[in-house]
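Read-outs: derived from the displayed coordinates by stated rules, not from any lab. Note that the structure is a prediction, hence the values are computed from the model and not measured. Note that each Cβ is placed from the backbone with ideal geometry, even for glycine, and that neighbours are counted across all protein chains shown.
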Amino acid sequence: MTSLTFYGGVNEIGGNKILLEDKDTKVFLDFGKSFSRRARYFEEYINPRTSNGIVDFLTMGLVPDIQGVYRDDLMVMAGRKPQKPEIDAILLSHAHSDHADYISFLHEDIPVYMGAACHLILKALEERGSRTIEREILNYKPRPYNIKDKPIPREINEFRTGDKFKIGSLEIEPIHVDHSVPGAYGFIIYTSEGPIVYTGDIRLHGTHSDMTRDFIQKAKEVKPIALITEGTRIADEAKEESEDKVYKESGKKVAESENLVFTDFNFKDVDRLKTFFNIAKENDRKFVVKINDAYFLKYLSQDKHLDVPNIDDENIIIYLPKRGSGSYSDSDYKGNDKEFLDLHNTWTAEQIAARPNKVLCAIGFYSFTALIDMKPKTGALYIHSASEPYNEEQELSQERIDAWLEHFGMNKFQSHCSGHARGQDLLEAVKEIGAKTLYPVHTVHPELYQKVSKNMVLIKEGVKYNIS
Ligand SMILES: [Zn+2]
Ligand SMILES: [Zn+2]
């Protein structure tokens, strides 16, 4: 007997939590945080209370209320009996929060499988940030905790493309796919009833689209009995986009400027990081990064396949923010950050501002207070290299970005290429794979897949679907 139960990613973008049961084996495909669900009840000044462990999350439906899944310490805090885990493994498709973050709540004895580069990103995220109950993926501290408690590591198993491994009655074949973060995988899972395919998040217009095509080809060859596909942009109008377009049009803007240039993008997107790093080098500008992002360079440069520069690269400068006394004194910088400050390539805002046509600053909106110290001259350039706003909150941020730019007389340029496949590409991929049954997730328009599948399930949350 084989079945799928969807506890997240149903009529929402992200928050995937998919339970696959086969005979006595149970695995979760991703266990992500649902931003939309969380935002239904919580915002900046009202958050789930860490002091209440998992209870706020369970009560408000941010995690499913199921047995034999969660950490012992959290169950005790919730006044429940701790239980041996009933789940054999978590298969993590990639490091984005909407797929990974709520692994934090899962039982300590459940092993987690992830790509090697995905592991590096999670290490960088862990080292740079302070601990929160919503991000304890690689290790956790039993609650309530003492600051001196040592974190307890989870069992992490890394894989790479070409690996195959067994979990109970299942055989798992992870296959690299292209997405806006390295170490992203789709899975072919061989069950006792036949192969089940899960796309994770994919795109077909990126720098490494050949990987996604490989995945589609292999998925087609195994003749899957079920395909779980993402559908983030299924309803979007097609438009021309590629990383090369971002590189060319942004590069042209930078080449034309004699002024300070800022670029705002997600640093976990290694393709975008390399795009702007290369633009900087070609224009004889140093690539200025924030301390927060230096952690990504430190870890991702360890994977030679990714070809990411390390923090001591001659083209990299680390921006030294004002902290504490505001006088850049040694004692203002604490914790892990100190590691980067002993390097010789840190510059203050004033040092950066003194070389306006010699720097390309990867400094975005959340660090715009830096502009107050850098005093950009009229005509300085801001390249917004992220998606355009798609909800009210983002629109408000956009208005604030525009207000800052107007205040300093800066010019804005928008250039981006999405991490998710275009609608037409998704439909073609699904048609090509030709699975017996289709289960769309990670979308608010699953019905649009009807065009390419005769046997499509409009999933309901928490319902068990038998697969045969
Ligand atoms: Zn996602
Ligand atoms: Zn993603």
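Hey, with R₀ at 45 Å, roughly what FRET efficiency would N310 and L458 work out to, going by the Cβ-Cβ distance, to 0.05? Computed FRET efficiency for N310 and L458 comes out at 0.40. Backbone geometry of segment 147-156 corresponds, through the Karplus equation with coefficients 6.51, -1.76 and 1.60 at θ = phi - 60°, to 3J(HN,Hα) couplings of 4, 7, 4, 7, x, 9, x, 8, 7, 10 Hz, x marking Gly and Pro.
For a straight C-alpha distance cut-off of 18 angstrom, the lysines reachable from K464 (same-chain residues fewer than eight places away being disregarded) are K17, K23, K26, K436.
If both residues of a DSSP beta bridge must be in the chain, then about 45% of such bridges are antiparallel. Using Cα-Cα distances under 8 Å and only pairs 6 or more residues apart, what relative contact order does the chain have, in percent? Once normalised by length, the contact order is 19 percent.
Available extension along the chain between D402 and S169 is 78.4 nm, counting 0.36 nm per residue and deducting the alpha carbon span. Cα centroids of segment 290-328 and segment 374-412: 24 Å apart.
The rule of thumb for compact globular proteins, 2.2 N^0.38 Å, goes into the C-alpha radius of gyration of segment 40-88 1.23 times. Sorting V63, V254 by the number of Cβ atoms found within 10 Å of their own Cβ, with the fewest placed first, yields V254, V63. Every Cα-Cα pair in the chain was counted, and those over 27 Å apart are 57% of them. Amide H to amide H, with H built 1.01 Å from N, D65 comes under 5 Å of no residue 5 or more places away or on another chain. Taking 0.36 nm per residue of sequence separation and removing the Cα-Cα distance, the D236/K412 pair yields an extension gain of 60.9 nm. Within segment 23-178, DSSP assigns beta bridges of which about 45% are antiparallel (rounded to the nearest 5). One Cα centroid belongs to segment 194-273, the other to segment 12-66; the line between them spans 26 Å. Taking amide H as placed 1.01 Å from N in the peptide plane, D269 has no amide H partner under 5 Å among residues 5 or more places away or on another chain. Projected over every direction and averaged, the convex hull enclosing the alpha-carbon atoms of segment 52-120 yields 4.8 nm². With the simple spin-label model, which puts each label point 7 Å out from Cα in the Cβ direction, the R323 to D244 separation comes to 4.2 nm. Taking 0.36 nm per residue of sequence separation and removing the Cα-Cα distance, the K358/T59 pair yields an extension gain of 102.3 nm. Of all aspartates and glutamates in the structure, the ones whose alpha carbon falls short of 15 Å from that of K166, not counting any fewer than 8 places away in one chain, are E21, D22, D24, D88, E158.
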